[in-house]
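Chemist: I'd like to ask some things about the structure below.
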Amino acid sequence: MKLALNIIDWNARAPGLGEADQWLSWAQAPYAIDPDSPQAKLVELPMMTARRLSSGSKLAVECGLTLLRRHAIDAVLYTSRHGELERNYRILNALANNQAISPTDFAMSVHNAAVGNLTITAKQPIVSSSLSAGRDTFLQGLCEVMCLLQAGHQRILMVDFDGTLPGFYRASLPPHMPGWAYAAAWVFEAGDQLRCETAPGGTKDESSLPQSLQFLQHYLSGKADFTVEGERLRWCWRRK
């Protein structure tokens, strides 16, 4: 598989990382993200909307609004491996204990809740979709971006995110698997600034970073060539 595209802009949030210079410093001298570090203050997201969103969706909509304010976007893709797992756990826990289900949790428990709230808050009826593909969610999202570009869309906003994983699941998950909320967003357009070719390989081992933050780290480091390991393939990138 071969991909080629241009990155016009980006924005990201994770514990202790919010400003562009913080991310650039982190990419040049990587360190483990501390889940106990505070998230940066929300700037674009209205307070009443923020109160209704889960930890990951809150960051995803904030990043999306930031880039929508800077660019004319004609299609949006949100990718998330776990989606609204926080809400779904609360619903299941309530059912298991014969408790009433929160109407907000029920209404906002679907996978496209974040991208739906983005277009509603921005008041822009943009073509939008939501995708999940396990460990390779981010990389498969890039394939979807290519499809949108080939369909004639000029500028694509893609936001990859996940929320805080409920503690209930931690014992069943790999120890290095990140469980903190983050979001990473890009504006893509057609071009050959970045080229990717997949190769046999990949790894079954969980990384301490989500794929999207691995990609962002390599991209911001300025490396001419870098690789992001998928579950079954190695995604080998080259900067023009």
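The values are calculated or read from the model by the stated rules, or taken from the named source; none is laboratory data. Nothing here was measured: the structure is a model prediction, and the numbers come from that model. In this analysis, Cβ positions are derived from the backbone assuming ideal geometry, glycine residues included, and neighbour counts consider all displayed protein chains. All accessible areas refer to the heavy atoms of the entire protein, side chains included, with ligands and DNA or RNA removed. Shrake-Rupley method; radii C 1.70, N 1.55, O 1.52, S 1.80 Å.
Chemist: Using Cα pairs under 8 angstrom and six or more residues apart, how large is the relative contact order of the range 1-133, in percent? List each step's numbers first, then the result.
Modeler: Working: 130 pairs, mean separation 34.0, N = 133.
Once divided by the residue count of the range 1-133, the mean separation gives 26 percent.
Chemist: Give the calculated FRET efficiency between Gln28 and Arg52 to the nearest 0.05, with a Förster radius of 30 Å applied to their Cβ-Cβ distance. Provide the component values of the computation, followed by the final result.
Modeler: On the way: r = 37 Å, r/R0 = 1.23.
Rounded to the nearest 0.05, the efficiency is 0.25.
Chemist: How far, in nm, would the chain grow between Asp74 and Ala94 when pulled straight, counting 0.36 nm per residue and subtracting the alpha carbon separation? Let's see the in-between values first.
Modeler: Working: separation 20, 0.36 × 20 = 7.20 nm, distance 3.95 nm.
So the chain would gain 3.3 nm between Asp74 and Ala94.
Chemist: State in Å² the accessible area per residue of the chain; use a 1.4 Å probe, count heavy atoms of protein chains only, and round to the nearest integer.
Modeler: Numbers: 11490 Å² over 240 residues.
So the chain comes to 48 Å² accessible per residue, rounded to a whole number.
Chemist: Work out, step by step, the length gained on full extension between Arg195 and Ala20: first 0.36 nm times the residue separation, then minus their alpha carbon distance; give nm to one decimal. Show your work: numbers first, answer last.
Modeler: On the way: separation 175, 0.36 × 175 = 63.00 nm, distance 2.37 nm.
Contour length minus Cα-Cα distance gives 60.6 nm.
Chemist: Based on the Cβ-Cβ distance of Val127 and His176, what FRET efficiency does E = 1/(1 + (r/R0)^6) give at R0 = 41 Å, to the nearest 0.05?
Modeler: Details: r = 36 Å, r/R0 = 0.89.
Efficiency, from the Cβ-Cβ distance: 0.65.
Chemist: Any chance you could give the angle, 0 to 90 degrees and rounded to 10, that helix 55-70 forms with the longest Cα principal axis of the chain?
Modeler: Tilt relative to the chain: about 50 degrees.
Chemist: Sketch the reach of a paramagnetic label on Cys147 as a point 7 Å from Cα along Cα-to-Cβ, and name the residues of the range 78-94 whose backbone nitrogen lies under 18 Å away.
Modeler: In the range 78-94, the label zone of Cys147 (backbone N under 18 Å from the point 7 Å along Cα→Cβ) covers 78-81.
Chemist: Something else about it: Treating cross-link reach as a plain straight distance, find the lysines whose alpha-carbon is under 25 Å from the alpha-carbon of Lys123, omitting any fewer than eight places away in the same chain.
Modeler: Lys41, Lys58
Chemist: Let me ask something else. First compute the accessible area of the range 137-235 with a 1.4 Å probe, then give the percent of it belonging to carbon and sulfur atoms.
Modeler: Numbers: 2070 of 4140 Å².
In the range 137-235, the share of accessible area belonging to carbon and sulfur is 50 percent.
Chemist: Further question: Measure out, as a whole number of angstrom, how far apart the alpha-carbon centroids of the range 133-151 and the range 65-107 sit.
Modeler: 20
Chemist: Still on this structure, I have one more. Taking Cα atoms, how many degrees apart are the long axis of helix 85-96 and the longest axis of the chain, rounded to 10 and kept between 0 and 90?
Modeler: 30
Chemist: Right, something else. Only Cα pairs under 8 Å and at least 6 apart count here; give the relative contact order of the range 54-197 as a rounded whole percent.
Modeler: Working: 229 pairs, mean separation 55.4, N = 144.
Averaging sequence separation for qualifying contacts and normalising by length gives 39 percent for the range 54-197.
Chemist: Further question on the same structure: So what is the relative contact order of the chain, in percent, for Cα pairs below 8 Å that sit 6 or more residues apart? Working shown, then result.
Modeler: Numbers: 456 pairs, mean separation 70.5, N = 240.
In percent, rounded to a whole number, it is 29.
Chemist: How much length is gained if the chain between Ser208 and Asn6 is pulled fully straight, taking 0.36 nm per residue apart and subtracting their Cα-Cα distance, in nm to one decimal?
Modeler: Residue separation times 0.36 nm, minus the Cα-Cα distance, leaves 70.0 nm.
Chemist: Could you give each residue of the range 216-231 its phi-based ³J(HN,Hα) in whole Hz, using Karplus coefficients 6.51, -1.76, 1.60 with θ = phi - 60°, and x for Gly or Pro?
Modeler: For the range 216-231, the Karplus-derived couplings read 4, 4, 5, 4, 6, 6, x, 4, 6, 9, 7, 10, 10, 7, x, 6 Hz, x marking Gly and Pro.
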